[in-house]
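Read-outs throughout are calculated quantities, based only on the coordinates presented, and are distinct from any laboratory measurement. Note that the structure is a prediction, hence the values are computed from the model and not measured. Counting neighbours? That spans all protein chains shown, and the Cβs are built from the backbone with ideal geometry, glycine included.
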Amino acid sequence: MADIIRQPLEQIHGFSRRCLFRVISMGSLPIHMAFIMDGNRRYAKKRGLEDGSGHKAGFSALMSMLQYCYELGIKYVTIYAFSIDNFRRKPEEVQSLMDLMLEKIKSLLDKESIVHGYGIRVYFIGNLALLSDQVRAAAEEVMEATAKNNRVVLLVCVAYNSTDEIVQAVKKSCVNKLVKHSEGRDRDIERIQLVDIEENMQMSVAPDPDILIRSSGETRLSNFLLWQTGNSQLFSPDALWPEIGRRHLVWAILNFQRSHSYLEKKKKQL
Amino acid sequence: MLSLVSIFLTCLALILIPCLFIFRRPSFPLFLKKIIIFINTTASQYNDEEERYGTIGEKGKRGRMPKHVGIILDGNRRWANKRGLRVSEGHEAGARTVLEHAMDCFAMGINTLSLFAFSTENWGRPDGEVNFLMAMFEKNFKSEMAYFDRYKVKISVIGKRTNMPQSLLGLIHEVEEATKNYKEKHLIMALDYSGRFDILQACKSLAEKTKNGLIQVEDINESMIDKELMTSCSEYPNPDLLIRTSGEQRISNFFLWQSAYTELYFSNVLWPDFGEAEYLKALTWYQQRQRRFGRRV
C-alpha cells in the first residue's frame, strides 16, 4: 500500500484505539492484570517456523499488550515468563529461553525501551537462585535501575511456582514467629495470622489480580498465583499467545466490568 | 487493508458495547440454546447406543477419568429467582441435585468428589438464609447417613467449624465416624471452608512442630504442606477437574494450593439444572485435555 495512504490510516487506527479505550475506562478498570503467556511453541509449529521464533513472536505480543494495558491506565501487570516446572524441558530449549530472556532483560535498560516510555517499575518474582548468574545479575540490575519509577508496575515471574512461593512464605513466617517466641515477645505461636503469611509473599508488592488471562484456550492455573487469584476473573481466549490482541483484552475487561459491581457489593458485606 | 477492517470493527464495537450492559449475559435466543443441547445429547446417545443399555458408568470408563472432581455449587439463588421461587427453595433444589448425582459420579469411576457447599465468605449472607442452610445441612446429614453407609461412601467434612451450631457439629462427627473405613468412594463436603485458611492452618501446624523441635524450618517443603492441608484425608487430595456452574469464571477461594494443575471447567448451567448430560460434557472435555504439567508433550 502506498505510504501516503498508510500513514493517515495508522493515525486513524491509533485514534480509534484511543477512543475505544476512553469508552472502556468509563466503567471500572482492573487495577492488576495477570497473563499466562501460553502457546508460543504451538504458534511456531502452526506457521512452520523454527522452534525459537515462537517465543520471539510471543515477546512482541507481550510488548503490545503492555502498551495497551498502560494506555488504559492499569497500574499492575504480572506475566508468567518461566515456571520452575519448565526447567524439566529439553536442555536446548531451556538454554534458548534463558538466552532470549537475558537479551530482553538487558534491552529493558535501553533509553528507548518501554520502561522509560511509561515509567515502569520492574520486579522479578521467583526463586532467582535457580537462574544462571548472568540472568540473575541482569534482573537485579533492572530492578535497581527502575526502583524510583512509580507510575506503573511490571512483575515478571521467572523461575516461579506458586507452591514454592507459599512454602518460602510459610518458612519465613515460622522463622519470624520462632524468633519472637524465643525472645519472649510473642507467647503464642498459634497467633500466626493470614497477614503474616501474606506479608512474606514475594507478590505482596502488588494487590491481588483482578483478571487472569491465559491464552491458547487451556483453563488451568499451572501453579501460577494460586494464593492471589482466589477471587480473580479467569479468562481463557482460544488465541495462542502471539495471536493475542486488543480485542481479547477489551472483551476480558468488559466481562470484568459486568460482574464487578456485584462483587464489590459482596466485599462490602464481609 | 487490515487497518481499514480494524477501524471498521472498532467503530462497530463502540456501538455494540452499550448493548452488552443491557443484557446481563450474552445469550443466544433460548430456543437456539435448547436446539444445541438437544443435538449434543442426541449425538452422544447415538454414539453410545449399545452402551446405553448398561449404566452410565460404562460410557465414562472408556476414556481417561479424573480421580478427583471438585464442584463449586453456584447458582441456586439465581435458579430460584428465575422461577419466582424463594431462595430457600433454590437451595433445596441444589441439595436434591447433589444427592441425585453423587452416586452417578462414583459410578463413572471417579474416586473422590469434593463439593464447595458453604464458604467462609458466605457467613456474610442474610441471617435467615444462613440459618436455613445450616438447618438444611443438618436435615440432609441425618436423612442420608444410612444411604451413604449402605453404598459405602466415606464422608469427610472440611472447613473451620468454629461458627457452626453444636448439633450440626455432632452430626458431622457421627457421620464421619460411621463411614471412616470405606475406601473406594469419598465425598468431601467443604463447609465453612476457605482456601487461604487451609494453607494458614497448615502453616500454624508446621510452626508448632518446628517450635517443638519435631522438624527443622529448612526441611519445610511442598509435600509437608500437602500433608497438613485439610484435603490430606483423601487418597487423591488434588482435584484433576474443577467444575463451576452458573457461568462465573472464578475460583472464589475454594481449593487454591490443591488446584495448581487442575483443569478448570466453567459451565453456564445453574447448579440445580446440572444433570447427566452436563456431567458427560465436562468429562468428555476433560478427556480431550493435554496435561503437560509444564513439560513438553
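Summary of values
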| read-out | value |
| --- | --- |
| Cross-link partners of B:K227 among aspartates and glutamates (Cα-Cα below 17 Å; sequence separation of 8 or more within a chain) | A:D164, B:D198, B:E208, B:E218, B:D219, B:E235 |
| Taking A:L131, B:L2 and counting other C-beta atoms within 10 Å, the order from fewest to most | B:L2, A:L131 |
| Amide proton proximity set for B:I158, modelled H, under 5 Å, gap of 5+ | B:M189, B:A190, B:L191 |
| Per-pair calculated FRET efficiency, R0 = 25 Å: B:T162 and A:K180 via Cβ, rounded to 0.05 | 0.50 |
| Peptide-level mean, for B:285-293, of C-beta atoms on other protein chains within 10 Å | 2 |
| Residue of A:A44, A:A81, A:A159 that the Gaussian network model of chain A assigns the largest fluctuation, springs spanning Cα pairs under 10 Å | A:A44 |
| A:H116-B:E235 FRET efficiency (beta carbon distance; Förster radius 60 Å; 0.05 resolution) | 0.65 |
| For B:4-11, mean number of other protein chain Cβ atoms within 10 Å | 5 |
| Relative counts (whole %) of C-alpha pair distances in region A:115-270, using bins that are 5 Å wide | 2, 7, 12, 14, 17, 18, 14, 8, 4, 2, 1, 0 |
| Set A:K180/B:K209; A:K172/B:K180; B:K160/B:K209; B:K67/B:K281 screened for pairs whose C-alpha atoms are more than 25 Å apart | A:K172/B:K180 |
| 19 Å Cα cut-off, lysine pairs counted over region A:42-129 (separation 8 or more, or different chains) | 6 |
| For the protein assembly as shown: rounded, prolate or oblate by the Cα gyration tensor [a/c cutoff 1.5] | oblate |
| Taking region A:135-220 and dividing mean pair separation by its residue count, relative contact order in percent (alpha carbons under 8 Å, at least six apart) | 26 |
| Packing-based exposure ordering (other Cβ within 10 Å, fewest first) of B:R96, B:R78 | B:R96, B:R78 |
| Shielding of A:223-233 by partner chains, average beta-carbon count, 10 Å | 5 |
| Prolate/oblate/rounded call for region B:150-297, Cα gyration tensor, a/c under 1.5 rounded | oblate |
| Chain A: most fluctuating residue of A:V115, A:V156, A:V175 per GNM, C-alpha cutoff 10 Å | A:V175 |
| For B:I215, residues with placed amide H under 5 Å, excluding near neighbours | B:T210 |
| Mean Cα-pair separation over length for region A:4-131, i.e. relative contact order, pairs under 8 Å, 6 or more apart, % | 24 |
| Relative contact order (%) - region B:133-274, alpha-carbon pairs under 8 angstrom, separation at least six | 20 |
| Per-residue ³J(HN,Hα) for region A:246-258, Karplus 6.51 cos²θ - 1.76 cosθ + 1.60, θ = phi - 60°, Hz, x for Gly and Pro | 4, 5, 5, 4, 4, 5, 4, 5, 4, 5, 4, 5, 5 |
| Proxy reagent accessibility, fewest Cβ within 10 Å first, across A:S232, A:S28, A:S182, B:S3 | A:S182, A:S28, B:S3, A:S232 |
